[in-house]
1. Out of all the residues in segment 74-124, which are within 11 Å of the ligand (Cβ to nearest atom), closer than 23 Å to Q192 by Cα, of a type in the set (A, V, I, L, M, F, W, C) and part of a helix (DSSP H, G or I)?
2. For segment 30-46, which positions are near the ligand (Cβ under 6 Å from one of its atoms) and in contact with a strand residue (DSSP E or B) (Cβ under 9 Å, 6 or more places away or on another chain)?
3. Report every pair of residues separated by at least 6 positions or lying on different chains whose Cβ atoms are under 9 Å apart, first residue within segment 174-194 and within 15 Å of L205 (Cα to Cα), second of a type in the set (F, W, Y) and assigned to a loop (DSSP other than H, G, I, E, B).
4. Mind checking which residues of segment 100-115 are open to solvent by 30 Å² or more (accessible area, probe 1.4 Å) and either of a type outside the set (G, A, S) or at pLDDT below 95 (or both)?
5. Please pick out the residue among R100, R63, R23 that is in contact (Cβ under 8 Å) with a residue 24 or more places away in the chain, out of contact with any helix residue (DSSP H, G or I) (no Cβ under 8 Å at 6 or more places or on another chain) and among the basic types (K, R).
6. In segment 198-221, which residues are buried (at least 19 other Cβ atoms within 10 Å of the Cβ) and in contact with a Lys or Arg (Cβ under 8 Å, 6 or more places away or on another chain)?
7. Do you know which residues across segment 1-22 are open to solvent by 70 Å² or more (accessible area, probe 1.4 Å), within 13 Å of the ligand (Cβ to nearest atom) and more than 11 Å from T43 (Cβ to Cβ)?
8. Under 7 Å by Cβ, and 6 or more places apart or on different chains, what pairs join a residue from segment 37-53 that is free of Cβ contacts under 8 Å to residues at least 24 places away in the same chain with one that is assigned to a loop (DSSP other than H, G, I, E, B) and surrounded by 19 or more Cβ atoms within 10 Å (Cβ to Cβ)?
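The values are calculated or read from the model by the stated rules, or taken from the named source; none is laboratory data. These numbers were taken from a predicted model, which means no experiment stands behind them. Neighbour counts are summed over all protein chains in view; Cβ atoms, including those assigned to glycine, are modelled from backbone coordinates with ideal geometry. Heads up: the accessible areas ignore ligands, DNA and RNA and are worked out on the full protein's heavy atoms, side chains in. Shrake-Rupley method; radii C 1.70, N 1.55, O 1.52, S 1.80 Å.
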Amino acid sequence: MIGIRDYKRAATLEEAYQLNQKRGNRLLGGMLWLKLSRNSVQTAIDIGGLGLDKIEETNEGLRLGAMVTLRQIELDEKLQTYGGGAFREAVGRIVGVQFRNLATLGGSIYGRFGFSDVLTLFLALDAEVCLYKRGRVPLRDYAALPYDRDIITHLLLPKAAPLAVAYRSARLTKTDFPLLTCACAVKSDALQIAVGARPGKALLLSGLEKYAGRRLDEEEIEEIAHHAATTVPTGSNTRGSAAYRTHLVQVLCARALRDCFRKEDGCGADADS
Ligand SMILES: Cc1cc2nc3c(=O)[nH]c(=O)nc-3n(C[C@H](O)[C@H](O)[C@H](O)COP(=O)(O)OP(=O)(O)OC[C@H]3O[C@@H](n4cnc5c(N)ncnc54)[C@H](O)[C@@H]3O)c2cc1C
């Protein structure tokens with residue numbers, strides 16, 4: 001279990017950043033992951049008083065503060081309009097309501113966990129990460145960066161919402177870590193599919209250019225799902241084998257794509273089919 005010597009509630013981001021440069025100090029999100037570690041922390045840095053708990057519409061798109069909780073993401077109306085239920089579907093199975101009331105977006109993105117539902121969805125949505133010192137970095141690049149001591153202040157979602165978004169995951173039991181995750185976003189000029197919990201970090205599928213900007217028929221959906229299953233690397237762990245995950249890549253990609261085109265028709269998605 002984690003041990004903490006001192007606690008500091010930062011008055012500014014600069015103060016939080018300076019404190020975070022010291023080895024041994026640690027930034028706090030919701031502390032749900034952190035508290036399970038065996039670290040000994042000198043100073044725990046609380047950024048909860050810096051107004052980073054808001055979901056706002058800006059000229060550039062939707063701006064989500066790093067201290068926004070997964071429960072806010074699940075319930076926020078702007079996000080439901082933007083993603084048509086995909087946000088609720090992506091985070092709504094993470095442990096339980098009390099847990100989601102604490103777990104933060106910043107902690108989830110910084111962690112870049114191999115099992116992350118949050119990373120999978122935000123990757124498909126082309127999110128950008130706003131870092132206090134480094135500035136804006138596309139999430140697809142941030143996901144590959146080594147862990148450092150910068151602070152995530154916000155995530156940005158592009159102003160133009162996708163035409164449709166769908167999220168699917170497979171779990172052995174309802175609130176367990178996912179066995180596989182899949183998010184699809186249909187944009188006017190692109191099709192984005194992210195697959196996570198492979199069990200590695202979520203990644204974006206390449207080679208989808210020819211499917212961009214148009215409606216797909218069932219044959220093309222199957223073709224993409226097959227392409228995903230043959231290109232996405234999977235592995236085995238206690239929850240499932242690589243072969244089973246590869247099967248799930250194909251199934252979940254096809255279902256998420258069908259959800260998207262059903263949503264485009266205005267029929268909504270049937271998340272449990
Ligand atoms: C039992 C359990 C089950 C889980 N199941 C799932 C699941 O099914 N699906 C899923 O997607 N996730 C799951 N998670 C992960 C969870 O949703 C959160 O992503 C995780 O707890 C981290 O968020 P946090 O707010 O608790 O961060 P913390 O634990 O407080 O911090 C995590 C790390 O991020 C750093 N950090 C925090 N905020 C920032 C910031 N703004 N800038 C830079 N660094 C920062 C911290 O210093 C720390 O190193 C699970 C976690 C646990 C403990």
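1. Within segment 74-124, A90, V91, L105, I109, V118, L119, L121, F122 qualify.
2. G30, M31, L32, L34, listed by residue number.
3. These pairs meet every condition: T181/F115.
4. Taking segment 100-115 and keeping what is open to solvent by 30 Å² or more (accessible area, probe 1.4 Å), we get 101-102, 107, 110, 113, 115.
Within segment 100-115, N101, L102, Y110, F113, F115 qualify.
5. R63
6. Hits for segment 198-221 are R198, P199, I221.
7. Of everything in segment 1-22, those that are open to solvent by 70 Å² or more (accessible area, probe 1.4 Å), within 13 Å of the ligand (Cβ to nearest atom) and more than 11 Å from T43 (Cβ to Cβ) turn out to be M1, Q21.
8. Cβ pairs passing all conditions: D53/M67; D53/V68.
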